Every structure is written in structure tokens, then in C-alpha cells.
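S.K.: Take this structure first; my questions come after.
Bear in mind that the values in this text are calculations on the coordinates, not laboratory data. What you see is a predicted model; the values in this text were computed from it and never measured. All Cβ positions, glycine included, derive from the backbone under ideal geometry; neighbour counts span all protein chains shown.
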Amino acid sequence: MRSDILQNNKPIPIGFVGGGKNSWIGNTHRIASRIDGRYIIKAGVFSSDPEVSKEFSMSLGIPEHRSYSNFLEMAEKESSLEDGIKVVCICTPPSNHYEIAKIFIEKNIHIICDKPMTTNLEDAKKLYELIKKKKILFCLTHNYTGYPMVRQARQMILDRQIGDVHMVNVEYPQGSLPAMDPKFAKELLGWRAIENDQGVGLSTVVSDLATHTFHIAQYVSSLKVVKISADVSKNVKSIGVDDNVHAMLRFENKATGLLWSSFAATGGEHGLRVRVFGSKGAIDWIQDQPNQLSFFSLDGPTQTFTRASKWVSKFSMENSRVAAGHPEGFFEAFANLYTDLADAINNNSDFNVINEKKVFPNAEDGLEGLKFVYAVKKSSNNNGEWTEL
Ligand SMILES: NC(=O)c1ccc[n+]([C@@H]2O[C@H](COP(=O)([O-])OP(=O)(O)OC[C@H]3O[C@@H](n4cnc5c(N)ncnc54)[C@H](O)[C@@H]3O)[C@@H](O)[C@H]2O)c1
């Protein structure tokens, strides 16, 4: 298990850009960075308002001289310090991921960035090339692929336990918009309601939510989506953003799939689910019960694999921390990506090694996410025409 692996390495100094007071995901990143003791938080800028940023930074115990006013100052100063940060976490809204990542990459600082990698495809391509050129390790927090039982599913499919993959169905039905008072929607959604480069990117539901769904479909099946036929809709008219996407998928091996992501699924809380059907079996995983994986086989009765039981793969076991029966969840899965990156840094892995091993989502996944967003919107605008990624 993760917790049995000796921690010979000194914690890696990390800084944060974004994720300040009342942000959605900032605290999760900080918790994830601490779970395995692999990082030490040394610097940060947590708001575009320098005063707000400094106050929050110092409340986290970061000294005043490393509580910066803006990310440019942080990149400049940290890269000149002997004990400066080696990794920066970017958890600002997507509109400034590109400019923040670029400046830190140029200073040879590794990156943990939240999704989507950028708001537009052009910036994603530029960032991908720069990351490759500078041999920077880049982890994109598609955190759902950090769950031990998602990694178990991937391993079982790689080991051909379900035979040839025929169908991949992924769904992520949230119900936040029908439950929202339209009077406060603009304020509550903030940048998520701005469907362009100043906000979320091309589409609220596709850029913000379906990029996760798409990523997990490819991760679990180990197959690339090559074509998409999509229908994006605006159901909660009083709010008026893209809030639902249905898409048919065609994979490189001719497998087919269905992807559904929604902010308009009334009553939905989270509901991320992945089902993969093969020639001799199938798997089914639901984030609401993340410690279990259902396995159907033509050769025997239906089985439930449980996290950290003696029946799971080495890959899955290595991503657990406590014995079977004790629930692990969202924070631990998130932390697995942080620890994967720490291992990669300490082992001097390069971009290509990570690419092959696929332990954490990287720049290639970020670029594919943007290609997915563009293909979905193009297809939907053309009445569901099959569109290549
Ligand atoms: N992986 C997940 O499960 C998950 C969940 C939620 C959000 N996200 C992603 O995380 C990112 C942030 O989302 P959020 O919902 O937390 O956003 P948010 O609006 O709640 O918080 C953004 C934070 O960034 C800070 N910020 C903005 N501009 C800044 C700048 N120039 N310098 C420093 N700080 C700045 C804000 O002050 C705020 O604290 C987005 O890319 C989003 O898609 C991922």
C-alpha cells in the first residue's frame, strides 16, 4: 500500500496559485498534497487581490516573504531561491491556466494544474509543445482516475479479463442548475457561466464537466476516442448555458460508447459511472461507492471486488492506504495523483516515460481534452455529424 512505502525522499517544496478562501477546489488540493507527506507548502498567491492573497497565505502558515502579490513575482522569486518551489499547483479558473503554466514552465518548475488544461485548443497545443521541449512534468487533476478501484478496472481490462472491449458507457449527471435560483445564478456560477476564453472555454458542461467523463472513458478502457457525434443542449432556460451533453463515441479499436454529462439532471448529486462491456465480461464502477468494482464474467457468477482486498491487482493495492473495509474516498484519490507526480520527480522520469506508464493524467490528456471539447461543439453545431477528434 501507499502507506507501506518508505518515504526516503525529502518533501518537495510546492507553491499554489489560486485556491484561496472559499474557492471550490483549493482546499482539496492542499489536503491531497499533504496526505502522503510528499510535499511541503512553501509559497503561494491565492487571489488576484494582493491583500486578500497575503492574508490567506499567512493564515496557512506561509511566511510573509513567500506570500506573493501575483504569480509573476512568485515565479521570478521562487526560481531564484536555493530552496525555491519545485512544483506549482494551478487551481485558478481556466482562463489564466495558460499564462500561469507558461511562466512557471519557463522557470523549469513542474506543474499540477486543474482541468481543463486551457480554455482553447491553440493554447493547449502551445503548452503541450513547451512542456515537451522543457521536459517538465505536468499533472492534470482528472482526479477520478486516482481511485484504487478505477485503477483496478483499468488493469483488469489491460489483462483482458473482459476480453475485447466492445462498449464503453460513461455518465456524470449532476443536477445543480435546476436547483439554482436564477436570480443568483450569475453570481453562483461565476466564470463557469462565461462560455468563452474569459471564462470556462467553449461550453459550460463540456469544458468543465465532460472533460472528466471523456478522460475516464479513455483511461479505464485504454482506448482512444477517434470520432464523436454529439448533442449539446441548454435545458434550464432561465440560466441559458450549455448544461447537458449526450454523445456517441467511436474508439480506435471500433468499440462504441455513450457519454452523458449534465448540470441539468434534476436531483443528481454526482453520479459518475463507468461501464465497459467486453466479449467475455464487463466492469461497472460508480463514484458514490468508490471502494467497490462490479465484475461480470461469462465464466462465473457476478463478483464485487473490494478495495485493498487480496484479490485486487498490485497497481490497485499500491494506490490504497488503509485495510479493506475502511472507506477511502475523494481526497485519497486526489492525493494519488500528487504522489504519482512526487514519485516521477524523485525518479527523474521524463515526459515520455510518464506518457507510457500513464499513472497520472498529463499534458497529452490535457490536449486531448481540448480536442474533445472542440469536436463535441462542432458536431453538435452540425446536427450531430460524426466529427474526428
Ligand atoms: N478536479 C475537480 O474535481 C475540480 C473541481 C472543481 C474545480 N476544478 C477546477 O479547478 C479550477 C478552479 O476551480 P474553482 O471551482 O475552485 O474556482 P473558484 O472560482 O472557486 O476559485 C478560484 C480561486 O482562484 C483564485 N484566483 C483567481 N485568479 C487568480 C490569480 N490571478 N492569482 C491567484 N489566484 C487567483 C481566486 O481568488 C479563487 O480563490 C478550475 O480549473 C476548475 O475547472 C476541478
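S.K.: Taking residue 237 as the anchor, which aspartates and glutamates have their alpha carbon closer than 20 Å to its alpha carbon, excluding any fewer than eight residues away along the same chain?
M.R.: 181, 187, 195, 208
S.K.: Now, a different point. Can you compute 3J(HN,Hα) from phi for each residue in region 89-98, using the Karplus curve 6.51 cos²θ - 1.76 cosθ + 1.60 with θ = phi - 60°, rounded to whole Hz and x for Gly and Pro?
M.R.: Calculated HN-Hα couplings, in order: 9, 9, 10, 8, x, x, 4, 10, 4, 4 Hz.
S.K.: What shape does region 243-285 take by its C-alpha gyration tensor, where a ≥ b ≥ c are the square roots of the eigenvalues and a/c under 1.5 counts as rounded, a/b above b/c as prolate, and the rest as oblate?
M.R.: oblate
S.K.: Once amide H atoms are built 1.01 Å from N in the peptide plane, which residues 5 or more positions from residue 88, or in another chain, come under 5 Å H to H?
M.R.: Residues meeting the amide H criterion: 15, 110, 111, 112.
S.K.: In whole Å, how far is the Cα centre of region 151-174 from that of region 277-319?
M.R.: Centre-to-centre distance over Cα atoms comes out at 10 Å.
S.K.: Right, here's the next one. With loop defined by DSSP as not H, G, I, E or B, and exposure as at most 14 other Cβ atoms within 10 Å, which is the longest segment of the chain clear of exposed chymotrypsin sites (Phe, Trp or Tyr not before Pro)?
M.R.: Counting only loop sites that pass the neighbour cut-off, the longest clear stretch is 25-310.
S.K.: Restrict the search to region 218-302; then list the trypsin sites (Lys or Arg not before Pro) that DSSP places in a loop and that have at most 12 other Cβ atoms within 10 Å of their Cβ.
M.R.: 224, 237, 254
S.K.: Taking loop as defined by DSSP and a crowding limit of 13 other beta carbons within 10 Å, which trypsin sites (Lys or Arg not before Pro) in region 1-87 fit?
M.R.: 21
S.K.: Please report Rg over Rh for the chain, where both radii come from the alpha carbon positions and Rh follows the Kirkwood definition.
M.R.: In the chain, Rg relative to Rh is 0.96.
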